[in-house]
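Here's the structure, in structure tokens; my notes come after.
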Amino acid sequence: MIKVTGLSKRYGTHLAVSNVSFEIAKGEVVGFLGPNGAGKSTIMNILTGYLSTTQGSAEIDGFNIAEFPEQAKRRIGYLPEIPPLYTDMKVREYLNFIYDLKKVKFPKKPHIDEILKLVKIDHVENRLIKNLSKGYRQRVGFAQALVGNPDVLILDEPTVGLDPKQIIEIRNLIARLGKNHTIILSSHILSEIQAVCKRVIIINRGQLIADDTAQNLATKLSSDHTLVARIICAEKDMLEALQTIKGVKSVTSLGRKEEGSFDFLIEPETNVDIRAAVFDRVVSRGKTLLSLTNNSASLEQVFLRLTETADNDEARRLLGTIEEPEKAETQTEEKEEN
Amino acid sequence: MTAIFKREFKSYFATPIGYTVLAAFYFFLSVFFVQIYSAGVPQISWVIMSMSTVAIFVLPVLTMRIISEDRKQKVDQALFTAPVSLTSVVLGKFLAAFAVYAIGFLPTVIFEAILMFNVTVNFMSYIYSLLGILLLGACLISIGMFISSLTESSVISAIITLLINIVILFDFAKLITVPTAENAIGKVWAKLVEWFVWLLEKLSFMTVFQNFGENVFSIADIVYFLSITAVFIFLCVRSLERKRWA
């Protein structure tokens, strides 16, 4: 459905996207993951025909976006980072305009009605867009992308600025749309991508550094399970005690999270289960272990580590796409993270 | 194109811009008409020709946001990712502004009717002058639209368009006298001034525009304005296209 070959984009001297290639089959829901400024939006802008390429090509359903822009654009619904709204229009009026602009063929009123209901903005259809809150504007932007029922949806950070309830609603909506649409979704939040996408493409500094299923990436990235222990103790003594456990790579105090106790982030060496050892050590020191949890945030942290690496080769090394050259390098890396 | 035209046209009247522009046109039209009526000169073409000065100052307001605002609000992403060509987007916007401008001259129909009941009038001179002012407006709108496509700020767009309009329409060339040459340096200077005057004359639409007021029908004059309009619409499309490659 979507085929990108050797895509590069240069802004003056700055290379925003460099030699990115991927293919997305019909019906796939793919997440673009990367920090701000990684080039996600640029790639999306090229796919939708808003920007031109410096090199390479993008095809939508066999139509090259540069050669057959109208046919390609007809198949795409695009929600840019900032929703493209005429703030002096009312919601329904604006969607009617988009309907006319896209030259949609279905009957107008039922189609717009359906979209209004789908993104839950039917109760604000007669309000001026400029009077709507950020969350509602985002949804009007979403509705705009859905007009004409295009096969491909390209959504640039669709949940930014929404409250948690709205985020869940939008995620559910994306999941529902994913059943009969091809969707590209960008985000810098890993958990969001995990929630809705089966496949993840990680982009950093304009390059594609990983293209895999979310599950595979998660296992690869979280090969070292860090633990968080909450212990009733004196901070310094326990730090020493934990550090001397066999198999522990590093221990960091996270400070006082609960009255009377301290939290410690314990990072074990690869493939070592140290939970029992930690428990024993705490008990042997006569202290009380309140909780011991797998650090669920570690996925985020590893992603951060991935995108904060000095260069993309190093990131690929972390992912295992390139053989690890020497251990020393990765170790300094992990210290930075803490 | 129709969708863009409809939206743009409506938006002129969703904001005060459309009303302000029309109010200015109607005010000056009426003032000029009362002038000729009380002076007993039944020349509606004089009223229309005089409106060119008003158009210079009012049209920049009509065109200042036409494209710049879209980029500022990021709405251009919806327009340029829709299955329509850049040319039809630009044409839709142009026609909307032109429609508002043309509506500004509707009262002249009533004026002409009033005159027709009272005195014998030269109907063709009314048609020529109306054609002239509409062609001039199309030109100025396309120039203003091009300027608007170069910037994100509607204020900058309005000011630059106004300056260009003033250079184009005021006959500055007449104000400059070519000095008489006495020595070699004087001759060079005189030549330079002569060229400058020639350039100003060529840049000014005024000579061509005045033909329409003098009941001189000429296809060349019509083509002159239409081709300038086409060139600036084309430049506007190119300027938007260039943004994609930036």
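The values are calculated or read from the model by the stated rules, or taken from the named source; none is laboratory data. All values reported here derive from a predicted model rather than from experimental measurement. Cβ sites come from the backbone with ideal geometry, for glycine too, and all protein chains shown count toward neighbours. With ligands, DNA and RNA removed, areas are computed over all heavy atoms of the protein, side chains included. Shrake-Rupley method; radii C 1.70, N 1.55, O 1.52, S 1.80 Å.
Can A:Arg205 be described as at pLDDT 85 or above and on the phi > 0 side of the Ramachandran plot? When the stated conditions are applied, A:Arg205 passes them. Looking across the range B:139-171 at every residue that is open to solvent by 10 Å² or more (accessible area, probe 1.4 Å) and within 18 Å of B:Asn211 (Cα to Cα), the one that is modelled with the highest pLDDT is identified as B:Ile168. Looking at B:Val89, is it among the β-branched types (Val, Ile, Thr) and outside any loop (DSSP other than H, G, I, E, B)? When the stated conditions are applied, B:Val89 passes them.
Residues that are over 22 Å from the mean Cα position of the chain (by Cα), open to solvent by 40 Å² or more (accessible area, probe 1.4 Å) and within 10 Å of another protein chain (Cβ to nearest Cβ) are absent from the range A:34-49 altogether. Being without any contact (Cβ under 8 Å) to a residue 60 or more places away in the chain and open to solvent by less than 60 Å² (accessible area, probe 1.4 Å) is the requirement here; does B:Ser239 meet it? Judged against the criteria, B:Ser239 is not a match. In this structure, does A:Gly148 turn out to be at positive phi, within 11 Å of chain B (Cβ to nearest Cβ) and either part of a loop (DSSP other than H, G, I, E, B) or buried (at least 18 other Cβ atoms within 10 Å of the Cβ) (or both)? Yes, satisfied. Filtering the range A:259-272 to residues that are closer than 18 Å to A:Arg230 by Cα and under 31 Å from the mean Cα position of the chain (by Cα) leaves A:Asp263, A:Phe264, A:Leu265, A:Ile266, A:Glu267, A:Pro268. Looking at the structure I just gave you, is B:Leu95 open to solvent by 50 Å² or more (accessible area, probe 1.4 Å), farther than 23 Å from B:Ile56 by Cβ and under 17 Å from the mean Cα position of the chain (by Cα)? Considered against the rule, which asks whether it is open to solvent by 50 Å² or more (accessible area, probe 1.4 Å), farther than 23 Å from B:Ile56 by Cβ and under 17 Å from the mean Cα position of the chain (by Cα), B:Leu95 comes out as no.
Residues A:Tyr86, A:Tyr11: which one is within 28 Å of A:Leu162 (Cα to Cα) and of a type in the set (Phe, Trp, Tyr)? I'd like the intermediate steps shown before the answer.
Details: A:Tyr11 fails: within 28 Å of A:Leu162 (Cα to Cα).
The unique qualifying residue is A:Tyr86.
Among the residues here, B:Asn211 qualifies as among the polar types (S, T, N, Q), in a helix (DSSP H, G or I) and either on the phi < 0 side of the Ramachandran plot or open to solvent by less than 80 Å² (accessible area, probe 1.4 Å) (or both).
In the range A:106-126 there is no residue that is under 14 Å from B:Ala82 (Cβ atoms), over 30 Å from the mean Cα position of the chain (by Cα) and not basic (Lys, Arg). Does B:Leu86 satisfy the condition of being touching a Ser or Thr at 6+ places or on another chain (Cβ under 8 Å), open to solvent by 10 Å² or more (accessible area, probe 1.4 Å) and not β-branched (Val, Ile, Thr)? Against the criterion (touching a Ser or Thr at 6+ places or on another chain (Cβ under 8 Å), open to solvent by 10 Å² or more (accessible area, probe 1.4 Å) and not β-branched (Val, Ile, Thr)), B:Leu86 does not qualify. Selection of the range B:94-113 for residues being of a type outside the set (Phe, Trp, Tyr) and in contact (Cβ under 8 Å) with a residue 60 or more places away in the chain yields B:Leu95, B:Ala96, B:Ala97, B:Ala99, B:Val100, B:Ile103, B:Gly104, B:Pro107, B:Thr108, B:Glu112.
Give B:Leu91, B:Leu79 a once-over and let me know the one that is closer than 23 Å to B:Gly132 by Cα, within 14 Å of chain A (Cβ to nearest Cβ) and touching a residue at least 60 places away in the same chain (Cβ under 8 Å). Give the derivation first.
Details: B:Leu79 fails: closer than 23 Å to B:Gly132 by Cα.
Selected residue: B:Leu91, the only one of B:Leu91, B:Leu79 that is closer than 23 Å to B:Gly132 by Cα, within 14 Å of chain A (Cβ to nearest Cβ) and touching a residue at least 60 places away in the same chain (Cβ under 8 Å).
Answer with yes or no whether B:Phe28 is under 15 Å from B:Pro107 (Cα atoms), surrounded by fewer than 20 Cβ atoms within 10 Å (Cβ to Cβ) and either modelled with pLDDT under 90 or not small (Gly, Ala, Ser) (or both). Yes, satisfied.
Just to check your reading of the model, which residue among A:Gly49, A:Gly31 is within 20 Å of A:Gln144 (Cα to Cα), at pLDDT 90 or above and not basic (Lys, Arg)?
Details: A:Gly31 fails: within 20 Å of A:Gln144 (Cα to Cα).
Matching residue, one of A:Gly49, A:Gly31: A:Gly49.
Scanning the range B:217-230 for residues that are touching a residue at least 40 places away in the same chain (Cβ under 8 Å) and part of a loop (DSSP other than H, G, I, E, B) returns a single hit, B:Phe217.
Applying the criterion of being surrounded by fewer than 16 Cβ atoms within 10 Å (Cβ to Cβ) and over 30 Å from A:Ala195 (Cβ atoms) to the residues of the range A:218-238, the residue that is modelled with the highest pLDDT is A:Ile232.
Here is a yes/no grid of residues against (1) among the acidic types (Asp, Glu); (2) part of a loop (DSSP other than H, G, I, E, B); (3) surrounded by 18 or more Cβ atoms within 10 Å (Cβ to Cβ):
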{"site": "B:Glu182", "(1), (2), (3)": "yes, yes, no"}
{"site": "B:Ile185", "(1), (2), (3)": "no, no, no"}
{"site": "B:Leu199", "(1), (2), (3)": "no, no, no"}
{"site": "B:Phe232", "(1), (2), (3)": "no, no, yes"}
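Is it the case that A:Gln55 is open to solvent by 20 Å² or more (accessible area, probe 1.4 Å), under 18 Å from B:Lys243 (Cα atoms) and not hydroxyl-bearing (Ser, Thr, Tyr)?
Numbers: open to solvent by 20 Å² or more (accessible area, probe 1.4 Å): yes; under 18 Å from B:Lys243 (Cα atoms): yes; not hydroxyl-bearing (Ser, Thr, Tyr): yes.
So A:Gln55 passes the test.
Residues of the range A:59-100 that are at the interface with another protein chain (Cβ under 8 Å from one of its Cβ atoms), hydroxyl-bearing (Ser, Thr, Tyr) and within 17 Å of A:Leu132 (Cα to Cα): A:Tyr86, A:Thr87.
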